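Note sheet for the following structure.
Read-outs: derived from the displayed coordinates by stated rules, not from any lab. Model, not experiment: these values are computed from the prediction. Neighbour counts are summed over all protein chains in view; Cβ atoms, including those assigned to glycine, are modelled from backbone coordinates with ideal geometry.
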Amino acid sequence: MSMQYLHNPRCSKSRQGLALLQENGVSPQVVEYLKTPLSLAELETLASRLGVDDVRQMMRVKEAEYKDNQLKDANQAELLQAMANFPKLIERPVLINGDKAIIGRPPEQLLEIV
């Protein structure tokens, strides 16, 4: 299975993470998740691979969409659905390697699962 990199080319951390992977000889399949949003099932799988207890750990809670959709008190299913509806809420970048995934904040963390 090839590695996938959830990427937003407008994000400096996402660009830095991709450059770091390439400098280390890693060429993941780049998925621009804003253009090709993840399905609800894919988000559930991603949460499992990330090993998060609360899916907010994989969310950008400071985005306007989080506040505008009143997600502060939302349950896990509602949060996953919000990420499916508004992919901008997904924290970035994310590297997926087999059954593991990691958020590249800071980008150097990506190398932990290569």
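Do we have any residue at all in the range 77-91 that's polar (S, T, N, Q) and either part of a loop (DSSP other than H, G, I, E, B) or farther than 26 Å from Ser2 by Cβ (or both)? Break it down stepwise before answering.
Here is the first cut: in the range 77-91, the ones polar (S, T, N, Q) are 81, 85.
Retained after the next criterion (residues that are either part of a loop (DSSP other than H, G, I, E, B) or farther than 26 Å from Ser2 by Cβ (or both)): 81, 85.
Within the range 77-91, one or more residues are polar (S, T, N, Q) and either part of a loop (DSSP other than H, G, I, E, B) or farther than 26 Å from Ser2 by Cβ (or both).
Here is a yes/no grid of residues against (1) without any contact (Cβ under 8 Å) to a residue 12 or more places away in the chain; (2) surrounded by fewer than 21 Cβ atoms within 10 Å (Cβ to Cβ); (3) touching a Cys at 6+ places or on another chain (Cβ under 6 Å):
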site: Lys67; (1), (2), (3): yes, yes, no
site: Gln70; (1), (2), (3): yes, yes, no
site: Asp73; (1), (2), (3): yes, yes, no
site: Glu78; (1), (2), (3): yes, yes, no
site: Arg92; (1), (2), (3): no, no, yes
site: Gly98; (1), (2), (3): no, yes, no
site: Gly104; (1), (2), (3): no, no, no
site: Glu108; (1), (2), (3): no, yes, no
site: Ile113; (1), (2), (3): no, yes, no
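In the range 58-100, what residues are within 14 Å of the chain's Cα centre (by Cα) and of a type in the set (Phe, Trp, Tyr)?
Listed by number, the list holds a single entry, Phe86.
Val26 passes all but one of (1) more than 14 Å from the chain's Cα centre (by Cα); (2) part of a helix (DSSP H, G or I); which number fails?
The failed condition is (2).
Report the residue count in the range 67-88 for those that are under 23 Å from Ala19 (Cα atoms) and in contact with a helix residue (DSSP H, G or I) (Cβ under 7 Å, 6 or more places away or on another chain).
In the first step, residues of the range 67-88 are kept if they are under 23 Å from Ala19 (Cα atoms); the result is 87-88.
Subsequent filtering for residues that are in contact with a helix residue (DSSP H, G or I) (Cβ under 7 Å, 6 or more places away or on another chain) retains 88.
Of the residues in the range 67-88, 1 are under 23 Å from Ala19 (Cα atoms) and in contact with a helix residue (DSSP H, G or I) (Cβ under 7 Å, 6 or more places away or on another chain).
In the range 31-63, what count of residues is obtained for those that are in a helix (DSSP H, G or I), surrounded by 11 or more Cβ atoms within 10 Å (Cβ to Cβ) and of a type in the set (A, V, I, L, M, F, W, C)? Steps first, answer last, please.
Looking only at the range 31-63, we keep the residues that are in a helix (DSSP H, G or I), and these are 40-50, 55-58.
Remaining after also requiring surrounded by 11 or more Cβ atoms within 10 Å (Cβ to Cβ): 40, 42-50, 55-58.
Within this subset, residues satisfying the condition of being of a type in the set (A, V, I, L, M, F, W, C) are 40, 43, 46-47, 50, 55, 58.
Summing the residues that are in a helix (DSSP H, G or I), surrounded by 11 or more Cβ atoms within 10 Å (Cβ to Cβ) and of a type in the set (A, V, I, L, M, F, W, C) in the range 31-63 gives 7.
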